[in-house]
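Participant: Take this structure, written in structure tokens, and hold onto it; I'll ask about it next.
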């Protein structure tokens with residue numbers, strides 16, 4: 001088992017690496033709200049309502065399978081994944097994984113450069 005990362009009190013504490021080997025820090029919604037409030041001087045309650053409404057709009061777009069483009073950030077779109085054969089590791093039995101639709105995020109060129 002590979003070592004893990006821990007986030008304690010919003011601070012990154014290294015405990016190893018992720019499966020991809022990339023060091024990462026988790027940021028929760030509360031921390032995002034605090035950063036926006038700090039940089040804009042707006043009330044945290046107002047920012048929380050705006051973020052919640054933004055996430056509600058994204059969720060409804062996802063439910064309706066709509067493509068979402070956020071300039072200078074990226075695009076969320078849907079991709080149909082073909083059915084495929086897999087194997088149950090315990091029994092060795094062959095299983096068919098049905099076709100499904102997956103949400104894909106493609107970052108903008110501006111975001112990828114950073």
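The values are calculated or read from the model by the stated rules, or taken from the named source; none is laboratory data. Note that this is a predicted model, so its numbers are computed, not measured. Every residue, glycine as well, gets a Cβ built from its backbone with ideal geometry; the counts of neighbours run over all protein chains shown.
Participant: In this structure, does residue 26 turn out to be at pLDDT 70 or above, closer than 30 Å to residue 69 by Cβ and touching a strand residue (DSSP E or B) at 6+ places or on another chain (Cβ under 7 Å)?
Facilitator: Working: at pLDDT 70 or above: yes; closer than 30 Å to residue 69 by Cβ: yes; touching a strand residue (DSSP E or B) at 6+ places or on another chain (Cβ under 7 Å): yes.
So residue 26 fits the description; yes.
Participant: How many residues does region 80-114 contain that are in a loop (DSSP other than H, G, I, E, B) and closer than 25 Å to residue 65 by Cα?
Facilitator: Looking only at that region, the number is 5.
Participant: With 24, 34, 94, 66 as the choices, which residue is exposed (fewer than 12 other Cβ atoms within 10 Å of the Cβ) and more than 16 Å from the chain's Cα centre (by Cα)?
Facilitator: None of the others qualify; the one that does is 94.
Participant: State yes or no: is residue 82 in contact with a strand residue (DSSP E or B) (Cβ under 6 Å, 6 or more places away or on another chain) and farther than 28 Å from residue 30 by Cβ?
Facilitator: no
For every residue, the table says whether it meets (1) in the same structural domain as residue 109 (by TED's automatic domain parsing); (2) modelled with pLDDT under 95.
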position	(1), (2)
47	no, no
54	no, no
57	no, no
60	no, no
75	yes, no
81	yes, yes
86	yes, yes
89	yes, yes
